[in-house]
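Just so it is clear, none of the values below were taken in a lab; they were calculated from the coordinates. The structure displayed is predicted, hence computed values, not measured ones. Here the Cβ positions follow ideal geometry from the backbone for every residue, glycine too, while neighbour counts run over all protein chains shown.
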C-alpha cells in the first residue's frame with residue numbers, strides 16, 4: 001500500500017507541465033541531482049513538493065510558442081522547454097487558468113453552489129488552487145492517496161454541494177469509493193490534467209444546473 005501524503009513523480013511532473021518522455025527524464029535528473037529524490041523512487045512526499053517545484057522552476061522554463069512568452073525567458077539562464085499546450089506555459093498559463101476559474105466561479109455562484117470537495121491532484125495543483133481568487137466558493141482539498149475513513153469522508157460529503165474527483169491522479173481506493181457514496185450529491189469525475197481543463201469540466205457541469213441555491217447550510221470559508 002502507498003504511504004499517505006505522497007504522489008507519483010510522473011503525476012507531479014505532469015501537473016507542472018513537463019511532457020512525458022525526455023522532459024520527464026531531465027526533470028527527474030535534476031530532482032536526483034539536488035537530493036530531493038533518487039532513481040529508485042517513483043513517488044515524492046507532498047512535503048517536498050514546494051522545494052521540488054522551486055528547484056525545477058529555477059532550472060527550466062516551459063513556454064508556449066508565443067513571442068512575448070519566449071522573450072520573457074530568453075534573458076534568463078533557464079533551459080527553455082516547449083509546452084505541449086498554451087495552458088501549460090509557465091508565463092501565460094496563469095492568465096489562462098485564472099480566466100477558466102473565473103468563468104467557473106461565476107457560474108457556480110449563479111447556481112447557488114458555495115461548497116466543493118476536490119479529491120486528488122498533486123501538491124502543485126493544490127498550491128495553485130489555494131492562490132486563486134475563488135470568490136465566495138469554499139473548497140476542501142483531499143489527499144487522494146492518504147488515509148481516509150468513513151467518518152472523515154462522510155463529514156466532507158455532508159458539507160459539500162459538489163464532489164470533484166480528479167481521476168487523472170492515482171486515487172487510494174478507499175478514498176474514491178467513499179466519495180462515490182455521495183448519493184444525491186453531485187459528483188464530477190475529471191480525467192483531464194491542468195487547472196484550466198478541470199475548471200472547464202466544472203463549468204460544464206455547473207451550466208447544466210438549475211439556477212437557485214442547493215440544499216445545505218452556509219458555512220464559513222475554509223480551504224484545507
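Listing 106, 77 from the residue with the fewest other Cβ atoms within 10 Å to the one with the most, what is the order? Let's see the in-between values first.
Numbers: 106 13, 77 8.
Placing the least packed residue first, the sequence is 77, 106.
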Compute the distance in nm between two label points, each set 7 Å from the Cα along the Cα-to-Cβ direction, one at residue 25 and one at residue 158.
5.3 nm
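Using the 10 angstrom Cβ neighbour count as an exposure proxy, how do 136, 125 rank, fewest first?
Details: 136 11, 125 25.
Ordered from fewest to most neighbouring Cβ atoms within 10 Å, 136, 125 come out as 136, 125.
Provide the gained length on full extension for the span residue 75 to residue 131, in nm with one decimal, where the gain is 0.36 nm per separating residue minus the Cα-Cα distance. List each step's numbers first, then the result.
Numbers: separation 56, 0.36 × 56 = 20.16 nm, distance 2.71 nm.
Taking 0.36 nm per residue and subtracting the Cα distance, the gain is 17.5 nm.
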With 10 angstrom as the radius, rank 111, 151, 130 by how many other C-beta atoms surround their C-beta, starting from the fewest.
151, 130, 111
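Report the gain in length on full extension from residue 45 to residue 207: 0.36 nm times residue separation, minus Cα-Cα distance, nm rounded to one decimal. Don't skip to the answer; put the middle values down first.
Details: separation 162, 0.36 × 162 = 58.32 nm, distance 3.65 nm.
Using 0.36 nm per residue and subtracting the Cα-Cα distance, I get 54.7 nm.
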Once you keep just the Cα pairs under 8 angstrom separated by 6 or more residues, what percentage relative contact order results for segment 6-88?
31 percent
